[in-house]
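First up is the structure itself, then whatever we jot down about it.
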């Protein structure tokens with residue numbers, strides 16, 4: 001029973017978001033197989049559709065220009081040449097959409113790799129509260145068999161909450177990669193929509209969404225470091241915080257656990273809310289409502 005309780009305590013305090021280094025990886029490194037599938041979809045399935053859309057949009061615009069320049073051929077030549085030049089650039093953008101998105105991700109990856117954003121170089125990690133672990137181990141060693149059963153019952157709820165917090169972080173990170181893969185797969189099409197004023201908003205919305213998902217990785221890392229700072233300061237005895245885990249002393253082990261129940265339960269909830277809130281911050285930075 002003692003060993004099981006100690007393992008449970010280690011799980012509660014060993015860093016609620018430890019070893020989620022994958023958030024700093026590029027989609028090309030995260031899953032080579034998925035990256036290949038996404039590249040094939042973009043090149044062989046979406047690219048022909050995007051080029052067809054671009055050709056249709058170009059013909060519509062040329063027809064619109066031609067209807068206004070019948071009386072002035074010189075101006076007409078200039079306008080037609082400008083339209084053709086614009087669509088040559090757009091064709092290049094559609095065909096190289098993957099390279100353009102790689103450049104966006106490279107910029108964001110450079111921010112994530114900066115030592116000021118990720119000073120530990122671990123992507124996302126939360127330092128364990130060693131003092132709390134030692135205090136709990138002491139209380140477990142001191143507790144009788146009946147008290148140990150009571151402690152196990154009391155620790156089940158924090159265990160489930162902490163498990164949910166860790167799962168939330170992992171799910172958020174994995175969903176971010178899933179979004180990046182899906183957006184990259186359909187990337188040629190939004191670039192084709194940039195050629196017409198009526199459809200330009202489709203392309204700009206796509207680019208803002210892509211930037212938002214990329215920035216979300218930075219926001220996850222920053223939110224975890226902010227969480228670490230808040231918890232480490234709030235759990236110090238000199239601050240008189242409700243998150244402080246008090247020394248065992250001569251207290252009854254079960255009574256001591258009840259007295260320190262709040263910090264066990266609150267910290268994973270704070271982590272969960274901070275991680276979920278990082279998505280809203282990324283959306284605000286990218287200008288998406």
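The values are calculated or read from the model by the stated rules, or taken from the named source; none is laboratory data. This one's a predicted model, so the numbers in the text were calculated from it and none came from an experiment. So basically every Cβ, Gly included, is an ideal-geometry build from the backbone, and we count neighbours across all protein chains shown.
Scanning segment 160-182 for residues that are crowded, with 20+ Cβ neighbours inside 10 Å and closer than 26 Å to residue 52 by Cβ returns a single hit, 180.
Taken together, 235, 250, 246 contain a single residue that is modelled with pLDDT under 85, within 33 Å of the chain's Cα centre (by Cα) and farther than 28 Å from residue 214 by Cα, which is 235. Among the residues of segment 191-211, those identified as in contact (Cβ under 8 Å) with a residue 24 or more places away in the chain and either in contact with a helix residue (DSSP H, G or I) (Cβ under 6 Å, 6 or more places away or on another chain) or at positive phi (or both) are 191, 192, 193, 194, 195, 196, 199, 208, 210, 211. Can you say whether residue 195 is more than 30 Å from residue 140 (Cβ to Cβ) and at pLDDT 85 or above, as far as the supplied structure shows? So residue 195 fails the test. Considering each residue of segment 78-87 in turn, none proves to be touching a helix residue (DSSP H, G or I) at 6+ places or on another chain (Cβ under 7 Å), part of a helix (DSSP H, G or I), modelled with pLDDT of 85 or more and closer than 30 Å to residue 25 by Cα.
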